[in-house]
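Structure first, commentary second.
The values are calculated or read from the model by the stated rules, or taken from the named source; none is laboratory data. Keep in mind the model is a prediction, meaning the values are calculated, not measured. In this analysis, Cβ positions are derived from the backbone assuming ideal geometry, glycine residues included, and neighbour counts consider all displayed protein chains. Just so you know, the surface numbers come from the protein's heavy atoms only, side chains and all, with ligands and any DNA or RNA stripped out. Shrake-Rupley method; radii C 1.70, N 1.55, O 1.52, S 1.80 Å.
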Amino acid sequence: MPEDHTTWHPVPGPFPITDGETGFGAVRAPYADSIIDEAFLGGDGIVATDMAAQPAFIGLAIGERKLKAVFAALAAMLTLVVLRAGHVQIVKSAEYARLAEGNRSRQMLVPVERGVMYDRNGTPLVRNVPDFSVAVTPADLPKDPEARRQAIGRLAAMLDLQPTDIEQKLEEFKDYAGSAVTVADNLTHDQAVRVEIENASAPGVSLAVGTRREYLASADAPSLSHVLGFEGRLTQKELDASGASYQPSDFIGKTGLERFYEPVLRGSYGKRRIEVDATGREKKVLSEETGQPGRNLVLTLDLDLQKDVEKIFRDGLRAAGKKRGSVIVMKPSTGEVLAMVSEPAFDNNMFAKGITPDQFKALTDDPDHPLFPRAVSGEVASGSVFKLAVGAAAMAEHVITPNTTVLSTGGIRVDKWFFPDWKAGGHGPTNLAKALAESVNTFFYYVGGGYDDFKGLGIDRIAKYAHKFGLGQPLGIDLPAEASGFLPSKEWKEKVKKEQWYVGDTYHAAIGQGDVLVTPLQIATMTAVFANRGALVRPHVVAATTAADGTRTQVDPVTIDPQVVDAASIDAVRRGLRQAVTSGSARSLGDLPVAVAGKTGTAQWHPTKAPHAWFTSYAPYDKPEIVVTVMIEEGVEGSTTATPIAKAIYRRYFAKPASRTAAVPKPPAAPPAATVPAPVR
């Protein structure tokens, strides 16, 4: 028998025990046998091994190339992880630290006290009163749609709103998800308490005690609403246009002085950095920067005079059976507006408290348009008050002298067209003073368009001088929506009406008819030129601004043109205006205790409706203190409806010297500021 080196070992189970270099009891891998060819397995479970022939290393089930590929992939993945970790921890560390801090803290804009308004004597016209409001921060609402819907539903029920009301508001400001959006104002105390208690842990909902406007004089003088204006929550469009200076929960001036002086009244935000919890609710204040409160406005208006003028005007309208018109009382030398009345008017507290849809519809559907500020925005036919500018232009251009006389026989005829005087049979021989005093049309037909051998101004020079007197352009008063009026021209008519210009068009323009349009403010300012003996001064309604610390900044008068036309031309017109009161169309004012100069006007504008009635004037004649301009829409005739109103205003003004103070006094100290709490989130 040859020597046999084969030994037979029983297979003891999953962990066979072998002899070898490792010593007795070495453990072999339980699945090592699986890599041995099954040919070596005997049927009786005995493994035959040739210990001499068997190598020390058996090998792997995968090839070397595959193994290298696996190691390469693992190395690449590890490299990416290391690079990403380095990018996050080194390159982006500052940014991610900021974001992490942002999840813990927020910078809030802190509202400041809005400036208020006083009349020229220091009487408060506007104040801020506490107001509860509720805001929702969309980013802090539950992310689950059903939970979000339930949260909004609970809030709507507390506020007596529909959930869609809140959803629509949030949708309007959807691009500002991180900012608080006010969804309800003017909450009752009970509503405020309920919201605060039931939403103490509700994410995204907050209660704030802010302020709203209260217009103190509007009950007694509703016409002040057109001047003061009102504020309201800004719209998404207004917010987009404002840049970063406003938040969705802010108020903004909508009309009047509230709008024109919005940057002055508003002031600038303070800043507060706060720590918040997971629901976005404030935990503590980390830092705070004080804002700048808004400045107060001291107006040129006299509240007592405004009330009296409004009452006089309303009584005059009622006596004439009319509803619409305006009155302006101003100081000619400075342009200070002492009273400005537009009728009909409205109560701006309706908007400050939150106007209902029915109330707003009633205002907008009213055929008399009570929201319309007629004194500065109403463009109407001027009628004969326009003759002041035409008379001065004719003098300045040497078309006439004070002694130039035209024979008025009732009108003039050009071909088949007849241009009448208002007085049948005419006024006889007429110079400039008489033409103004009695409003003689024939004289101004000659002066404006010429007749026979008499060469008139022509439409171009009429428009030129009317513009110099402030017509056909905004005057720059510190109120929004000032209208420009309109002065026609040959080019305009040919382009717009597709018609040529006729001499009859010039005749109409010369007496303030046809296509000429003016505002009551323009007529008052033009009249002030004659009171000033030539100076055109910009009208204004704010005399000064004051800060919370009492510092005062005066608003100085602005002279647009120190001498519109020469003094001789001004004086010639002034004599005619005085003669209108002594012996002309305004002689009903002759018994006043002061000498008044004025001009009546009757402006035809519609083939079937009554003419507008005008009266513009100043007093005293030698040392003018005030200009009074009255316009009644469809008032029929200036001498019968507008002039009596002006007379009553003069009687009242000169009976109360307190209204005649030349210097605007310093207002009293501002009342204590309403508490402005932490900003709405």
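For residue 558, the amide hydrogen comes within under 5 Å of the amide hydrogens of 538, counting only partners 5 or more places away or on other chains and with H modelled in the peptide plane.
At the listed q of 0.14, 0.21 Å⁻¹, the Debye profile of the stretch 348-437, built from one uniform point per Cα, gives log10 I(q)/I(0) equal to -0.70, -1.13. Nonpolar atom fraction for the stretch 508-642, defined as the carbon and sulfur part of the 1.4 Å probe accessible area, stands at 51 percent. One equal scatterer on each Cα of the stretch 281-415, no solvent, Debye formula: the resulting log10 I(q)/I(0) at q = 0.10, 0.17 Å⁻¹ is -0.65, -1.13.
Accessible area per residue for the stretch 415-489 in Å², computed with a 1.4 Å probe and the full protein assembly in place, what is it?
41
Counted residue by residue at 0.36 nm each, then reduced by the alpha carbon distance between them, the extension gain from residue 127 to residue 284 reaches 53.4 nm. Peptides 436-447, 352-363, 604-615 ranked from most to least packed, by the mean per-residue count of other Cβ atoms within 10 Å: 436-447, 604-615, 352-363.
In the frame of its principal axes, the stretch 403-551 has Cα extents of 72, 38, 24 Å, reported largest first. Taking the protein heavy atoms of the stretch 400-474 in the context of the full set of protein chains, the accessible area attributed to carbon and sulfur is 53 percent at 1.4 Å. The equivalent ellipsoid that matches the C-alpha gyration tensor of the stretch 522-608 spans semi-axes of 33, 18, 16 angstrom, in descending order. With a Cα-only, solvent-free Debye model of the stretch 569-655, what are the log10 I(q)/I(0) values at q = 0.18, 0.24, 0.26 Å⁻¹? Each listed q maps to, in turn, -0.71, -1.11, -1.24.
Applying 1/(1 + (r/R0)^6) with R0 = 45 Å to the Cβ-Cβ distance of residue 148 and residue 85 gives a FRET efficiency near 0.80.
Size descriptor for the stretch 181-238, Kirkwood hydrodynamic radius: 14.4 Å (Cα pairs only, one decimal).
Here the accessible area is traced with a 1.4 Å probe on the protein chains. For the stretch 179-225, carbon and sulfur cover 50 percent of it.
If eta is 1.567 mPa s and T is 4 °C, what Stokes-Einstein diffusion coefficient results for the stretch 131-259, Kirkwood Rh from Cα pairs, in µm²/s? In µm²/s, the coefficient is 81. Computed from label points 7 Å out along Cα-Cβ, the spacing between residue 366 and residue 64 is 10.1 nm. Dipole magnitude for the stretch 528-577: about 180 debye, using +1 per Lys or Arg Cβ and -1 per Asp or Glu Cβ, origin at the Cα centre. Among the trypsin sites (Lys or Arg not before Pro) in the stretch 460-520, those located in a DSSP loop and surrounded by at most 12 other Cβ atoms within 10 Å of their own Cβ are 498. Average accessible surface for the stretch 107-214: 46 Å² per residue, computed with a 1.4 Å probe over protein heavy atoms with every protein chain in place. Here the calculated FRET efficiency for residue 499 and residue 235, from their Cβ-Cβ distance with R0 = 51 Å, stands at 0.75, rounded to the nearest 0.05. A Cβ-based charge dipole, computed about the Cα centre of the stretch 125-190 with Lys and Arg at +1 and Asp and Glu at -1, lands at about 100 debye. For the stretch 308-380, a Kirkwood radius taken over Cα pairs fed into Stokes-Einstein (20 °C, viscosity 1.002 mPa s) yields D = 155 µm²/s. Rounded, prolate or oblate: which fits the stretch 124-166, taking a ≥ b ≥ c as square roots of the Cα gyration tensor eigenvalues, rounded meaning a/c under 1.5, else prolate when a/b beats b/c? In terms of gyration-tensor shape, prolate. Entry comment: accessible area of the stretch 306-393 is 35 Å² per residue, from protein heavy atoms only and a probe of 1.4 Å.
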